[in-house]
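Q: My questions all concern the structure below.
What follows draws every value from the coordinates through simple rules; no lab data is involved. Owing to the predicted nature of the structure, the values given are computational and were not obtained by experimental measurement. For neighbour counting, all protein chains shown are included, and Cβ atoms are generated from backbone atoms with ideal geometry for every residue, glycine included.
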Amino acid sequence: MLTALSIRDIVLVDALDLEVEGGLTVLTGETGAGKSIILDALGLALGARADAGLVRSGAKQASATAVFTAPDDPALIEMIAERGFDVAPGEDLILRRTLAADGRSRAFVNDQPAGVTALREIGQALVEVHGQHETVGLLDWKTHRALLDNYGGLQPQLDGVAAAAEKLKAAERTVADLKAVAADAASRAEELTQNLADLDDLDPRADEETELAGERAILGAAEKAVADLADARTQLGGDKLSQKLAAALRAVEHAR
């Protein structure tokens, strides 16, 4: 239940603190007395669309704060908790909204920063405005199932279904994780199989690495000798020397 509404710098109102008692409360006054301003301020606190025109002329920002008695509806408490806000038992629920002159707004739930969407969803669960041309909650199909469930006293069954659904989701997550592990293991096994096949194709022998190292040393020395002879041939010149060097080169290359 709404217990208090605090308004600051909204339209013509610079400051107003309204306390609401239990039972029926009626606001009366002639046209232009400011009744609609109070409704606009309440709508702002409940997450309605913010219009910079609500900020009183000359003020930097407007604010509206609505205070409600501690919610005792488990569904409402759960909905508020799902949106990231803690509601302690017996603690008032405070919805606050500030609106700057440039149209930017900020929302708070129990002094915790909130998104306007979350503020609006909580506000719609707390207050229902009946206007001449406005849709009431009874005509909103999204509220019908909860009304029927409450009327039928089906909360225990709802809790059971919710618990079963959570177990199902947990089992599905486990299955997905196991499938991912199996796929990774299959990929690893395929990689190892390919590695073994490559080793079989190479057909490595005992002490083969030592033999290859020796051959690599011989080939390196031969390559250096060939380079040295070619350099000598270029520098010394001469037909006979060239022929001898050529024969030596061929011999070295044949040895390679």
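Q: What is the local net charge at ASP9, summed over the other residues whose Cβ is closer than 13 Å to its Cβ (Lys, Arg +1; Asp, Glu -1)?
A: On the way: positive: ARG8, ARG56, LYS60, ARG97; negative: ASP14, ASP40.
My count for the surroundings of ASP9 gives +2.
Q: Let me ask another. For the stretch 1-149, what is the Kirkwood estimate of the hydrodynamic radius, computed as the reciprocal of the mean inverse distance between distinct Cα atoms, to one decimal in Å? If you can, show how the numbers build up before the last one.
A: Values: mean 1/r = 0.0616 Å⁻¹.
Evaluated over the stretch 1-149, this radius sits at 16.2 Å.
Q: Compute, for the stretch 4-46, the length of the dipole vector about the Cα centre, with Cβ point charges of +1 (Lys, Arg) and -1 (Asp, Glu) only. Units Debye, rounded to 20.
A: Magnitude of the dipole: close to 120 debye.
Q: If each of GLU91 and THR28 carries a label point 7 Å out from its Cα toward its Cβ, how far apart are those two points in nm?
A: Calculated label separation equals 4.0 nm.
Q: Let me ask another. What percent does the relative contact order of the chain come to when contacts are Cα pairs within less than 8 Å and at least six residues apart?
A: On the way: 252 pairs, mean separation 31.5, N = 256.
So the answer I get is 12 percent.
Q: Debye sum, Cα scatterers, the stretch 77-136, no solvent: what log₁₀ I/I(0) at q = 0.18, 0.19, 0.25 1/Å?
A: Debye intensities relative to I(0), on a log10 scale: -0.72, -0.77, -1.06.
Q: Let me ask something additional. For LYS60 and TRP141, what is the calculated FRET efficiency with R₀ set at 35 Å and r taken between the beta-carbons, to the nearest 0.05?
A: So the FRET efficiency works out to roughly 0.25.
Q: Also: For the stretch 2-150, what does the relative contact order come out to in percent, with C-alpha contacts under 8 Å and a separation of six or more?
A: Contact order relative to length: 21 percent.
Q: Please give the calculated 222 nm ellipticity per residue for the chain, where each DSSP H segment of at least 4 residues contributes -39500 (n - 2.57) and the sum is spread over every residue; nearest 500 deg cm²/dmol?
A: -17500 deg cm²/dmol
Q: State the label only: which of (i) 32; (ii) 63; (iii) 28 corresponds to percent of Cα pairs over 28 Å apart computed from the shown model?
A: Answer label, from the structure shown: (ii).
Q: Now, a different point. Tally Lys/Arg at +1 and Asp/Glu at -1 over every other residue whose Cβ is under 12 Å from the Cβ of SER105; what's the total?
A: Result for the local shell: +4.
Q: Cα axis of helix 239-255 to longest principal axis of the chain: angle in degrees, 0 to 90, nearest 10?
A: So the inclination is approximately 60 degrees.
Q: Eight or more residues apart or on different chains, and alpha-carbon atoms under 26 Å: count the Lys pairs in the chain matching that.
A: Numbers: LYS35/LYS60; LYS142/LYS167; LYS142/LYS169; LYS167/LYS179; LYS169/LYS179; LYS224/LYS240; LYS224/LYS244.
Eligible lysine pairs with Cα atoms under 26 Å apart amount to 7.
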